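Asks: Below: one structure in structure tokens.
The values are calculated or read from the model by the stated rules, or taken from the named source; none is laboratory data. All of these numbers come straight from a predicted model, not from anything done at the bench. Note that each Cβ is placed from the backbone with ideal geometry, even for glycine, and that neighbours are counted across all protein chains shown. The area values use the complete protein model at the heavy-atom level, side chains included, leaving out ligands, DNA and RNA. Shrake-Rupley method; radii C 1.70, N 1.55, O 1.52, S 1.80 Å.
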Amino acid sequence: MEIVFCKWGFLFLLCCGLIFSVGCSVEGLHGNARVRGVNLGGWLVIEGWIKPSLFDDIPNGDMLDGTEVQLKSVALNKYVSAENGGGATIAVDRDIPQSWETFRLWRVSESIFQFRTSEGQFLTCDGDGATVTATAESASSNETFYLERNNDNRVHIKLKTGTYLQASKANQLTADYPGTPGWDDNAATFELIIASNLLHGDYQLANGYERDKAEEVLKKHRNSFITVADFNFLYRHGINTVRIPVGWWIAYDPNPPPPFIRGTLEALDNAFSWAQAFGIKCIIDLHAAPGSQNGMEHSASRDGATGWPTSPDYISQTLNVIDFLASRYAKHPSLLGIELLNEPSAALVPLDILVSYYKRGYEIVRKYSSTAYVIFCQRIGNADPFELYQANLGAENTVVDLHYYNLFDNFFVNMSSLDNIQYIYKSRQTQLQALNSANGPLVFIGEWVNEWNVTGGSETDYQDFGRAQLEVYDTASFGWAYWTLKNDRKHWDFEWNIRNNYLQLQLGCSSFMQISNAVMLLGLACSYYFLYVV
């Protein structure tokens, strides 16, 4: 009778284990769980807002690549202006600075710069005595200017020959100031106004320091920002996946093109080894494409321009990067998927160009792996994720990545804590239900954060907001990944949220599978004991 009972008990326990696994469907994860992930942002692709101190020691650090500046003649009390935004003459005749009077810096060194107009041309001067125009489509020696700057943000601009530019009485910018100007109100002295200094990415960091110093700073950062201890932390808190942003220059390591700095490939190899040790899977996310797919610092844009979609060479180069990554990691047991491109701009990347790229990228990954997930990121901005479901991007193991932030849009500005939470349950949950039931790729919330525009939110408010997001995003058919593991802004920092109880992770599919496995092992042990021992 005891033996019969034990047999039925074992079958019951085995069924419990099978029941626990129902509804979890991501192939390759332990127990077929869904992704519960964290992004390793700010590590192999630099975003200055995540760790601002990386930029602290750059000389003239407020004049990085892409910084927008305006120049005002102290003698004429007028702004330097590129007529028509570029492509014509330079005048010194404007009372109010707007787009024509704003120039983006290309930094050559801490005191040598090139100036790009709003339409993309560069300021150029043929030599001593010449007039400055904005007609150059690319930058070389004639487009390079030397700046002298004092503590009052006044500057002198001169040519390599040593001749200073001045604002002439005819309201032109000419290279003919006689002698060496002082800092009084003379025609060669200009007030420098920093209109914006928003880009703090890999390009700005690497080009801001001298190369040796940049390598020192980045080596220290890569070796300390993410370590094996972080993978231990993630494992202990039920995280089964990391999404790892990388830049296109990783394919050229250890000799990436200037100004990018070697070392990201070795760091990525380390991450895969650490992940394997803790049973964690990796998604490689191409965060920065050649030429930039969105003009933001996290795409390593030099000056905010988006050149990727308009250049077949850039797109071809990007596909080569995907080929490199797929060929290197396809057989690694920790690879879960490759994301072909992060956050292409809806305003600047046409859908047909993106779909063509995604289809070609899918085929490249499939050349090396039949099982690795190929992940297609939704365009950011005014774009409907259903556009990717209608594009027939690939047949097997495909995923659409959505980024859900209650930020970066005026829609969220005046929302209360309760409004934000209700938006998650009503709008986000409804969209996820529709996408989950669509015939096509799985759904991945590849970025989300426990932060909002609410001021004065209490700990309970944040806990409720985090709980709502976890509850809803847990229903995504592929899973979710938090942005990001570490961040100087505490509510963005996953570790801080966990340690301070702002995010309360409940048992997910992976945890249920661990329970079911334990239950089955217990059943097997019980059966063995009563059948063969008793």
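Asks: If you count only protein heavy atoms and use a 1.4 Å probe, how large is the accessible surface of residue 278, to the nearest 10 Å²?
Replies: 50 Å²
Asks: Between residue 149 and residue 496, what is the label-point separation in nm under the 7 Å Cα-to-beta-carbon projection?
Replies: With each label placed 7 Å out from Cα toward Cβ, I get 2.9 nm.
Asks: Using only Cα atoms, locate the centre of the range 31-94 and the centre of the range 340-378, then give the distance between them in Å, rounded to an integer.
Replies: One Cα centre to the other: 28 Å.
Asks: Calculate the dipole size of the range 67-196 relative to its Cα centre from +1 charges on Lys and Arg beta carbons and -1 charges on Asp and Glu beta carbons; express the result in debye to the nearest 20.
Replies: Its charge dipole is roughly 140 debye.
Asks: Something else: Take the alpha carbon atoms of the range 134-196, find their center, do the same for the range 233-262, and report the distance between the two centers in whole angstrom.
Replies: 41 Å
Asks: Then there's this: State the extension gain, in nm to one decimal, for the chain segment bounded by residue 138 and residue 433, taking 0.36 nm per residue of separation less the distance between their alpha-carbons.
Replies: Taking 0.36 nm per residue and subtracting the Cα distance, the gain is 101.3 nm.
Asks: Show me, for the range 41-54, the HN-Hα J-couplings you get by feeding each phi into the Karplus relation (A = 6.51, B = -1.76, C = 1.60, θ = phi - 60°), rounded to Hz, glycine and proline as x.
Replies: Those phi angles translate into x, x, 9, 9, 10, 7, 10, x, 5, 6, 9, x, 5, 4 Hz.
Asks: Let me ask something else about it. For residue 426 and residue 384, compute 0.36 nm times the residue count separating them, minus their Cα-Cα distance, and round to one decimal in nm.
Replies: 13.4 nm
Asks: Now a separate question. Give the lysines whose C-alpha is closer than 29 Å to that of residue 78, dropping any in the same chain fewer than 8 places away, or say none.
Replies: 158, 160, 169
Asks: Something else now. Rank by packing, highest mean first: peptides 34-42, 385-393, with packing defined as the count of other Cβ atoms within 10 Å averaged across residues.
Replies: 34-42, 385-393
Asks: Calculate how steeply helix 459-473 sits against the longest principal axis of the alpha-carbon atoms of the chain, using the helix alpha-carbon long axis, and give the answer as 0 to 90 degrees to the nearest 10.
Replies: 70 degrees
Asks: Next question. Would you pull out the residues with amide H under 5 Å of residue 35's amide H, same chain only if 5 or more places away, H placed 1.01 Å from N?
Replies: Under 5 Å from the amide H of residue 35: 479, 480.
Asks: Tell me, what is a quarter of the convex hull surface for the C-alpha atoms of the chain, in nm² with one decimal?
Replies: Answer in nm², one decimal: 29.1.
Asks: In whole percent, how big is the carbon plus sulfur part of the accessible area of the chain, probe 1.4 Å, protein atoms only?
Replies: That share works out to 51 percent.
Asks: Place +1 on the Cβ of every Lys and Arg and -1 on the Cβ of every Asp and Glu in the chain, take the dipole about the Cα centre, and give the residue among 292, 492, 326 whose Cα lies farthest towards its positive end.
Replies: Farthest towards the positive end: 326.
Asks: Next question. Under 8 Å for C-alpha pairs, at least 6 residues apart: give me the relative contact order for the chain, rounded to a whole percent.
Replies: This gives 17 percent for the chain.
Asks: Based solely on its DSSP helices, what 222 nm [θ] is calculated for the chain when runs of n ≥ 4 H residues each add -39,500 (n - 2.57) and the sum is averaged over all residues, nearest 500 deg cm²/dmol?
Replies: -9500 deg cm²/dmol
Asks: Residue by residue, what Karplus-based ³J(HN,Hα) values in Hz, rounded to whole numbers, does the range 80-90 have, using 6.51, -1.76 and 1.60 with θ = phi - 60° and x for Gly and Pro?
Replies: Along the range 80-90, the couplings run 6, 9, 8, 4, 6, x, x, x, 9, 7, 9 Hz.
Asks: If R0 is 60 Å, what FRET efficiency do you get for residue 353 and residue 459 from their C-beta distance, rounded to 0.05? Provide the component values of the computation, followed by the final result.
Replies: Working: r = 45 Å, r/R0 = 0.76.
Efficiency, from the Cβ-Cβ distance: 0.85.
Asks: Between residue 176 and residues 5 or more places away or on another chain, which pairs have amide H atoms under 5 Å apart, with H built 1.01 Å from N, and which residues are they?
Replies: Answer set, sorted by chain and number: 129, 166.
Asks: Let me ask something else about it. Counting other Cβ atoms within 10 Å, keep those with at most 16, restrict to DSSP loop, and tell me which GluC sites (Glu not before Pro) in the range 39-138 are left.
Replies: Taking the range 39-138 and a limit of 16 other Cβ atoms within 10 Å, the loop GluC sites (Glu not before Pro) found are 110, 119, 137.
Asks: Can you put 296, 415 in order of accessible area, largest first, using a 1.4 Å probe?
Replies: Order by accessible area, largest first: 296, 415.
Asks: Can you give me the long-range amide H partners of residue 505? Hydrogens built in the peptide plane at 1.01 Å from N, cutoff under 5 Å, separation of 5 or more residues or another chain.
Replies: none
Asks: From the backbone phi of the range 206-217, what are the Karplus-calculated ³J(HN,Hα) couplings (6.51 cos²θ - 1.76 cosθ + 1.60, θ = phi - 60°) in whole Hz, Gly and Pro given as x?
Replies: Rounded to whole hertz, the list is 5, 7, x, 8, 5, 4, 4, 5, 4, 5, 5, 5.
Asks: In addition: What's the magnitude of the charge dipole for the range 211-331 around its Cα centre, counting Lys and Arg as +1 and Asp and Glu as -1 at the beta-carbon? Answer in Debye, nearest 20. Before the final figure, lay out each step's value.
Replies: Details: 12 positive and 12 negative charges, 67 e Å.
The calculation lands at about 320 debye.
Asks: About its Cα centre, what dipole magnitude does the chain give when the only charges are +1 on Lys and Arg Cβ and -1 on Asp and Glu Cβ, stated in debye to the nearest 20?
Replies: My answer is approximately 1540 debye.
Asks: Modelled label-to-label distance, residue 317 and residue 410, 7 Å Cα→beta-carbon offset: nm?
Replies: According to this spin-label approximation, the distance is 3.6 nm.
Asks: Determine which lysines satisfy two conditions relative to residue 213: a Cα distance under 19 Å, and not lying fewer than 8 residues away in the same chain.
Replies: 51
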